[in-house]
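Here is the structure we will look at, set down as structure tokens.
Read the figures in this text as sums done on the coordinates, not as results from a lab. Since we're looking at a predicted model, the values are computed, not measured. As a convention, Cβ positions derive from the backbone with ideal geometry for all residues, glycine included, and neighbour counts pool all protein chains shown.
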Amino acid sequence: MEIISTLFLLKQTQRESSSGRKFENLRGSIPLWLQLLAVILVTWLLVQPRYVKAKSTQRIAIILDSSASMSVFKQQITTSLIQEIPRLTGAAANIEIWLMESDTTKPKIYQGTSTREMIAALDQWNANSGATDPSNTLRIARSLVGKEGAITYITDTPLDSTPPYNTSILAIGSHVPNCGITGVSFEQRGEDLIWKALVKNYSDSAQQRTWYLEYSQKDQTPRTKDRSLNLKAGQIVTIQGVFPNEAERCQITLSDDAFLLDNTLPLVRPLPKPLHVNSSLPEKLRSIGTRILSSFPNLTEELETNRLDLQLTSTDTTPINHHLIVFPEDRSTSRPYLTGNIVAPKNALTDGLNWQTLLIRDNISLPYSEADTILLWQGERPLIILRQDPVEKHKALIFNFDISQSNALKQPSTAVLLLRFCEQLRHDKIALETRITETDEPLQIAHNKEANSPLLTIRSHSLSGETLDTTTVQRYGSDITAPSQPGFFSITQGETTLFTSATYFADTREADFSLCQSDQIYAATAASAEDRHTREDHYWRIWGFLILAILTVSWWFTSTKSKESRPVST
Amino acid sequence: MNVDQLTALYAQASACAERLTLPLRNQVWRGMAGEFQGAGTGSSTDFQDHRAYAPGDDPRHINWQAYARTGNYTMKMYREEVRPVIDIILDASESMFFTPEKAARTVELFYFATISAIRAGAATQIHVLKGDQYTPLPIDAVTSHRWYEQVTGKNKAADTQNLALDKIQFRGNAVRILISDLLFEGDPTLPMKLLTAQQGKAILFAPYLRAESDPEWSGNYEFADAEKSGEHPHRIETHTLNLYKKAYSSHFAQWHSVAKRFSAPVARVSADKPLLDALNEESIKAGALTIQ
């Protein structure tokens, strides 16, 4: 501190300045400005700037949840994508985008480098699948973008566990009150076919809806009046009615809400494929035939040979004209029981069936060939044989013992085996079938598979029967599924209609929005990706040398001034 | 400052007083008899005027040449010899004593003025001002050096800058010698008016340090006023220093200008030189002193 007598004169030298005293004092100080420059350069070095490489490309894969509930949040998907792309792009100068959905059976939505085109492709996409596991698609995505690429999975329900393959999760869902049709059944009352549908309120608040039925009648589609439904939170209500006698098709429609897929229930009159059965069993075994005909569904007794599908016999073992179930008769008595291990080789007809309590007497044994499939062994003896005619492809289920001299008819396995066999025959029968299906349900349609036979054709219809769309199924390796949108469809081969159906959305997991919410889980970004897209500042050595030079000059300025003018101590 | 130091300074001032003196002969005095020409008539040998003879006048003063010419008796009138009146005002603020050099020069000037006044046979009064505190000093207190403790031992004056000259009852027609460094803000006109009131003549002696007029400041400082409390941080650079020197020069230029209007010589006396050299530098030229 210096004591002076002329402080008042010093204060007179302080001029008013619009920028304030300190700024005025700093203006003329060369060392200060040099030091500030050095600080800026040091800061620049510490920041470790990196420059984006002009040709660096970030690969981005975006997986959309294919489940139908995402249709409610389609607008949020677009908004989220627009916000997500810059974050995923990171430091790269360019991007390459794959936009896919979690259902691996669906084609990719977009691949390219334009965000705008991706959004346009997204507008054409609809989510209508059931609940799907995205793991396979995420694995495919990771293989596409490489270990340094970015993957985001967009869904409406946050995942319970850490997503695989270093995936970011973007949940865009919210609680949406929804009521929808969950299932349907039919009941025949006299000549009326009664339909019963279940309507469920998935939300946690009471909801009010209306419904009506409309059906096809000549060129019109009349409808009933709207009927109201009041559903409490979580309540399931049954609605029912008579299937219009004059109509082939009808449809139940609920009033609209956010989720539309489960508001429509198309209906057709179920008509399963019949299996025409005839029994020529002897007196001792005739009851077996009666029980089969009366117990198994969709079996009808047929007396005309040209319409016969299945023959129950004791004598014929070669299925040339039709399928056979053979129950041989042995009139000998007091034969000992067979011994030995009872073994059932792996076969769809005997899968899961227990034969260990089977007791069979050692009686008639039919010869078998290597072409036969043995379904059940006891020791070295085949008990049940499956035979197929190589030309006609008819099958024969042969019981290689007198079933009346065994406890086989008391075995549940026997009944299940017979039922399975009949169902298999009915399934393989090329005939018209009409039933209700679920959207995207895999279909096994029995059809003529000869080389010159026509291809299968799937046609979708309106309620009035008008054909809306036609798709031809390729012959080889194609899986036939019901349409992904509720409606009516038929499958034909040439002029022959093989299948007619009404399909409805039945995945209740997708109709329930109580678990939907918004959330974000960002995956750890790879530092190597940052290195790949950017380059360091190559001039860091020059900046370092410049800092030293500046500090040296600044020190020279201050030391020179301090030598020349030592402050006067008074 | 102890008695020995004061004694030494007294001796130096006394030595200078033998070489330089206050400009008292230029002044027309009134008052008690002394060695200086008074304003009225007296018994000195300096002719002043004529008048008619009146019975009882001293016939030695009859102007016989005038009688020879006119035949009338005329008397010669001579100036009276009177004692000068001097008021010495010492500015005892902290700034006058805040360095040893300046304190010594202040004391020397004070002694010089007092010794010069005593030797001139002047009717001298000594006044000490410290801010708004006024203390009259007897001459023996000065000559016995007791005055120093009285003056410098007082507490710091209140936060007033200007000298409280209005507290002094000046005598008319007196020489008023002000010993002050003049380092206070304000228009010099008012103190000059007070100093020159009642036909007074002011002579100003301003001791100064080279560290005040031409400091070599550079960098950051924490300044404290010698007369006030509080610290004042300043950053001094070349530009600021130049402004300060300019302000310093302007301050004393203003004092010179105003003093000139009141015909008062202002002599700045450097504290960095011997007293005689410092007085010779400016005082004679300014008319504040004359050579014996």
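Side notes on the structure shown:
- Here the scattering of segment A:87-161 is modelled by Debye summation over its C-alpha atoms, one equal scatterer each and no solvent; at q = 0.12 Å⁻¹ the log10 of I(q)/I(0) is -0.36.
- Neighbours of B:Gly287, meaning other residues whose beta-carbon lies under 11 angstrom from its beta-carbon, give a summed charge of +2 when Lys and Arg score +1 and Asp and Glu score -1.
- Percentage relative contact order, segment A:228-339, counting C-alpha pairs under 8 Å, at least six apart: 17
- With a Förster radius of 51 Å applied to the beta-carbon distance between A:Asp192 and A:Ser365, the computed FRET efficiency rounds to 0.45.
- The protein assembly as shown - mean residue ellipticity at 222 nm from DSSP helices (-39,500 (n - 2.57) per run, n ≥ 4, rounded to 500): -8500 deg cm²/dmol
- Here's the list of lysines a cross-link from B:Lys193 could span, going by alpha-carbon distance under 17 Å and ignoring same-chain residues fewer than 8 apart: B:Lys167, B:Lys201, B:Lys260.
- Cα long-axis angle, helix A:74-89 against chain A (0 to 90 degrees, to the nearest 10): 50
- Helix A:412-428 axis, angle to chain A major axis (alpha carbon atoms, nearest 10°): 80
- Straight-line cross-link partners of A:Lys53 among the lysines, defined as a Cα under 29 Å from its Cα and at least 8 positions apart when in the same chain: A:Lys147.
- Net charge, A:Ser501 excluded, C-beta distance under 15 Å - Lys, Arg +1, Asp, Glu -1: -1
- Here A:Trp355, A:Trp377, B:Trp64, A:Trp33 are placed in order of increasing Cβ neighbour count within 10 Å, fewest first, which gives B:Trp64, A:Trp33, A:Trp377, A:Trp355.
- Using the Cβ-Cβ distance between B:Glu149 and B:Gln169 with R0 set to 35 Å, the FRET efficiency from 1/(1 + (r/R0)^6) comes to roughly 0.90.
- The calculated FRET efficiency for B:Lys245 paired with B:Ile284, based on their beta-carbon distance and R0 = 22 Å, is about 0.30.
- DSSP beta bridges fully contained in chain A are about 70 percent antiparallel.
- For chain B, built as a Gaussian network whose Cα springs stay under 10 Å, the top-fluctuating residue of B:Tyr244, B:Tyr53, B:Tyr111: B:Tyr53
- Most mobile of B:Gln133, B:Gln12, B:Gln150 in a GNM of chain B (Cα contacts under 10 Å): B:Gln150
- Pair A:Tyr337, A:Asp123: separation of 7 Å Cα→Cβ label points (nm): 7.7
- Subtracting the Cα-Cα distance of A:Arg459 and A:Glu246 from 0.36 nm times their residue separation leaves 74.4 nm of extension gain.
- Placing dummy labels 7 Å off each Cα toward the beta-carbon, the span from A:Ser185 to A:Ala233 is 2.9 nm.
- Positive minus negative residues near A:Ser255 (Lys, Arg vs Asp, Glu; Cβ under 9 Å): -2
- Helix B:100-119 axis, angle to chain B major axis (alpha carbon atoms, nearest 10°): 10
- Annotation: aspartates and glutamates with alpha-carbon distance below 17 angstrom to A:Lys232 (same-chain offsets under eight excluded): A:Asp204, A:Asp257, A:Asp512.
- Pairs from the table (A:Lys196/A:Lys225; B:Lys102/B:Lys228; A:Lys106/A:Lys346) lying more than 24 angstrom apart at Cα are A:Lys106/A:Lys346.
- Phi-derived couplings, Karplus 6.51 cos²θ - 1.76 cosθ + 1.60 at θ = phi - 60°, listed residue by residue for segment A:359-368: 10, 10, 7, 6, 10, 3, 10, 8, x, 9 Hz, with x used for Gly and Pro.
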